[in-house]
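Taken together, the values in this text are just the output of simple stated rules run on the coordinates, not laboratory data. Since the structure is predicted, the reported quantities are computational estimates derived from the model, not experimental observations. We place every Cβ from the backbone using ideal geometry, glycine too, and count neighbours over all the protein chains shown.
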Amino acid sequence: MRLVHSLQVSHLPDQDVSDRSADREVATLFPGESSRGPSPTPLPKRTFTPSKNFSPIKPPNMLTNRPRGNVKSTTPSIENMTIHQLAAQGEVALLSIRHDEGYDMNEVDENGLTSLMWASSHGQVGVTVFLLENGGSVHGATREGETALSFACCKGHVEIVQALLKAGADVNAFDWNGGTPLLYAVHANHPKCVQLLLSHGADLTAETDSGQSPLGLAITLGHRTVQQVIENHMLKMLEGAVR
């Protein structure tokens with residue numbers, strides 16, 4: 001198992017949303033360096049195999065207008081912001097006005113991202129609740145299978161994860177290479193998100209391409225609290241089975 005230290009950022013939306021982790025180099029413990037094709041086909045097995053172009057914390061890097069090499073970005077005026085920009089910045093009142101004007105809250109931007117995905121990634125609880133109450137779909141996915149839930153789990157936004165699950169988000173949705181919300185949460189070391197996902201039926205058998213389960217991944221990465229959460233959940237399952 002080798003470390004992959006490069007993260008190639010996708011072509012990003014032209015907007016200014018503050019996310020200072022956008023240019024962070026990420027070390028991922030998953031093998032595999034094959035390039036992602038324009039129309040990736042999900043693997044027949046639910047395996048989690050990030051390449052050098054992919055990382056479990058890719059969503060925050062996608063959801064920013066700060067690609068590598070940018071030396072200056074401009075902030076559009078409030079009046080000129082798209083619904084996606086408003087969602088990312090938590091502008092509930094302005095989103096409400098756009099909604100009343102007939103804007104489609106499930107419209108995707110040039111990268112296939114919905115307003116709910118932007119809000120989920122940037123921790124905008126108020127916007128997330130507003131969108132869910134006004135037709136925002138928890139079932140929307142990017143071309144690569146990423147959902148609002150996977151974005152929220154990636155960043156550890158517990159309240160948003162809870163709201164999405166309550167609204168019926170698929171806890172076991174997997175993206176183009178088999179990444180599930182649980183694997184995202186385990187890798188990013190968010191025990192509260194892991195607990196929520198498990199309590200809503202997250203699949204503990206989903207594996208990395210090297211055969212690691214969520215528990216094995218937590219052990220490998222040294223995420224002790226996450227490991228304990230998973231082990232406690234498994235123990236409760238066993239106790240329930242013998243009763």
Per-region count, region 218-229, residues under 14 Å from residue 184 (Cα atoms) and in contact (Cβ under 8 Å) with a residue 40 or more places away in the chain:
2
Search region 176-215 for residues being part of a loop (DSSP other than H, G, I, E, B) and surrounded by 22 or more Cβ atoms within 10 Å (Cβ to Cβ), and hand back the single one that is farthest from the chain's Cα centre (by Cα).
212
If a residue has to be among the charged types (D, E, K, R) and surrounded by 24 or more Cβ atoms within 10 Å (Cβ to Cβ) to count, how many in region 99-153 make the cut?
1
Residue 130 passes all but one of (1) out of contact with any helix residue (DSSP H, G or I) (no Cβ under 6 Å at 6 or more places or on another chain); (2) hydrophobic (A, V, I, L, M, F, W, C); (3) farther than 22 Å from residue 206 by Cβ; which number fails?
(1)
